[in-house]
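The values are calculated or read from the model by the stated rules, or taken from the named source; none is laboratory data. Worth saying up front: this structure is predicted, and the values here are computed from it rather than measured. Please note: Cβ atoms are built from the backbone with ideal geometry, for glycine as well, and neighbour counts cover all protein chains shown. Remember, those area values only see protein heavy atoms, side chains included, never the ligands or the DNA or RNA. Shrake-Rupley method; radii C 1.70, N 1.55, O 1.52, S 1.80 Å.
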Amino acid sequence: MIVMLRPILLHPDPRLKKVCAPVGVVTPEIGALAEDMLQTMYDAPGVGLAAPQVGVLSRLLVMDCVKDPEAAPRPMVLIDPEITWSSEERNTYEEGCLSIPEHYAEVERPARVRVRWTGLDGTGLEEEFDGLWATCVQHEIDHLNGKLFIDYLRPLRRQMITRKMEKLKRELARA
Ligand code: NI
């Protein structure tokens, strides 16, 4: 299989604001997309990537939050993920996003979540996530609903980041 790095869309982009469509049946094309996305995520490098970030408006995300470089990687592909339970307990993490490079901000979310999804082989799976995994899976599911981590920030901070990103995109377009 030929794995292809896909260009990552940068905020602001109308495709990052869309509610994505369910995948439903897992086709070979979806499998190829997932492999490309994992490679693109590791290459960036990042711990999570959602399909709209590579311009595909389908409910699919990949993640690997294993931080220890000595530990075995755990590449995960979640198709049509749904949060079935969130803890009352909350947790704050400094979040970033491959579509908003070089900008980080603290976001508060449920500390633990249960997620149900379809695996690459079409089977139904369910798992409880905590720590960075919980933050990451919620951040990525937000992407499938057109929501970015900066949407949790105060409007002024959000506008400042968006203006800096617009400037960065103008510079990249000229280069
Ligand atoms: Ni992101």
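So here's what we get for this one:
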{"quantity": "Residues that are open to solvent by less than 40 Å² (accessible area, probe 1.4 Å), aliphatic (A, V, I, L, M) and part of a loop (DSSP other than H, G, I, E, B), drawn from region 14-25", "calculated": "Val23"}
{"quantity": "Filter result (more than 16 Å from the ligand (Cβ to nearest atom) and either assigned to a strand (DSSP E or B) or surrounded by 15 or more Cβ atoms within 10 Å (Cβ to Cβ) (or both)) within region 78-89", "calculated": "Ile79, Asp80, Glu82, Ile83, Thr84, Trp85, Ser86, Ser87"}
{"quantity": "Every residue from region 120-137 that is outside any strand (DSSP E or B) and surrounded by fewer than 14 Cβ atoms within 10 Å (Cβ to Cβ)", "calculated": "Asp121, Gly122, Thr123, Gly131"}
{"quantity": "Candidate set from region 40-77 (those that are of a type in the set (A, V, I, L, M, F, W, C) and farther than 21 Å from Ile2 by Cα); member that is nearest to the ligand (Cβ to nearest atom)", "calculated": "Val47"}
{"quantity": "Boolean, His11 is open to solvent by less than 20 Å² (accessible area, probe 1.4 Å), within 16 Å of the ligand (Cβ to nearest atom), more than 21 Å from Thr123 (Cβ to Cβ) and not small (Gly, Ala, Ser)", "calculated": "yes"}
{"quantity": "Pairs with Cβ under 9 Å, 6+ apart, first in region 125-152 and in contact (Cβ under 8 Å) with a residue 60 or more places away in the chain and near the ligand (Cβ under 10 Å from one of its atoms), second open to solvent by 40 Å² or more (accessible area, probe 1.4 Å) and β-branched (Val, Ile, Thr)", "calculated": "Cys136/Val47"}
{"quantity": "Every pair of residues 6+ apart whose Cβ atoms lie under 7 Å, when the first sits in region 99-111 and is over 15 Å from Pro155 (Cα atoms) and charged (D, E, K, R) while the second is part of a loop (DSSP other than H, G, I, E, B) and away from the ligand (no atom under 13 Å from the Cβ)", "calculated": "none"}
{"quantity": "Filtered residues of region 42-74 (kept if open to solvent by 20 Å² or more (accessible area, probe 1.4 Å) and touching a strand residue (DSSP E or B) at 6+ places or on another chain (Cβ under 7 Å))", "calculated": "Val47, Leu57, Ser58, Arg59"}
{"quantity": "Top-ranked residue in region 90-109 [being open to solvent by less than 30 Å² (accessible area, probe 1.4 Å) and assigned to a strand (DSSP E or B); ranked as nearest to the ligand (Cβ to nearest atom)]", "calculated": "Glu95"}
{"quantity": "Single residue of region 27-41 satisfying the filter (in contact with a strand residue (DSSP E or B) (Cβ under 6 Å, 6 or more places away or on another chain) and farther than 25 Å from Lys167 by Cα) that is most open to solvent (accessible area, probe 1.4 Å)", "calculated": "Leu38"}
